Amino acid sequence: MVGLGNPGTEFEGSRHNVGAEAVAVLARRHGDGRLRPAKGLRASVEEVRLDGRRVALAVPTTYMNESGAAVRPLLRRFGITDLAGLVVVHDELDLPPGRLRVKVGGGTAGHNGLKSLQAHLHSTEFLRVRIGIGKPPGRQAGADYVLRRPGRREREVLDVSVVEAADAVELIAAEGVEAAMNRWNST
């Protein structure tokens, strides 16, 4: 389970980091809550049990546009050869704030983290939990929008969807991606 985001305090709480926040929720629920830098990897990791299965929770310590450089070695380290064993939680401009969707494969929609994953994994056929952050207002550039912290009301909506994204990951582990798609894609 990989949550995408940018490292550093200047990006904490930004729209682009909601995927990393969801993985942090899982680490608090199922482990000691601390993702630790993993030796030889460009990610912070915690191994936990979800529905009786050993699962690696990870947040790349690279910037978003280099996420693939962190994820590929993670897959090797944990022996994941089938991309159906990779769940990526990320922000999604094409969904309104707070909307959650679960998906298998698909395009990158201009998302630099997904582009990097595609470049390093040579595929986009991994599972995704997409957290809607909405489109930038007016003529604001997408990059500026995703890297900024939302206002209080929007942050409250995103906080709920971050917790729901963690719930979706748990459902994927327990009952499979179809169950999670049925639960979150029908609303």
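What the table shows:
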| item | result |
| --- | --- |
| Count of region 137-171 residues which are free of Cβ contacts under 8 Å to residues at least 40 places away in the same chain and not hydrophobic (A, V, I, L, M, F, W, C) | 11 |
| Test: residue in region 98-120 that is farther than 18 Å from A69 by Cα and surrounded by 20 or more Cβ atoms within 10 Å (Cβ to Cβ) | yes |
| Which numbered condition D94 fails, given (1) within 27 Å of A143 (Cβ to Cβ); (2) within 14 Å of the chain's Cα centre (by Cα) | (2) |
| Identity of the residue in region 20-56, touching an Asp or Glu at 6+ places or on another chain (Cβ under 6 Å) and closer than 20 Å to S67 by Cα, that ends up surrounded by the most Cβ atoms within 10 Å (Cβ to Cβ) | A27 |
| Test for P136: is it in a loop (DSSP other than H, G, I, E, B) and more than 12 Å from the chain's Cα centre (by Cα) | yes |
| Breaking point among (1) within 15 Å of the chain's Cα centre (by Cα); (2) over 22 Å from E170 (Cα atoms), for V87 | (2) |
| Those residues of region 153-178 which are loosely packed, with under 15 Cβ neighbours inside 10 Å and closer than 20 Å to R54 by Cα, in sequence order | A174, E175, G176 |
| Members of region 101-118 found to be part of a loop (DSSP other than H, G, I, E, B) and among the small types (G, A, S), listed by number | G105, G106, G107, A109, G110 |
| Complete set of residues in region 3-12 that are under 12 Å from the mean Cα position of the chain (by Cα) and either part of a helix (DSSP H, G or I) or closer than 19 Å to V169 by Cβ (or both) | G3, L4, G5 |
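Laboratory data are not the source of any read-out in this text; all were calculated from the coordinates shown. Since we're looking at a predicted model, the values are computed, not measured. Methodologically, a virtual Cβ is constructed for each residue, glycine included, from the backbone with ideal geometry; neighbour enumeration extends over all protein chains shown.
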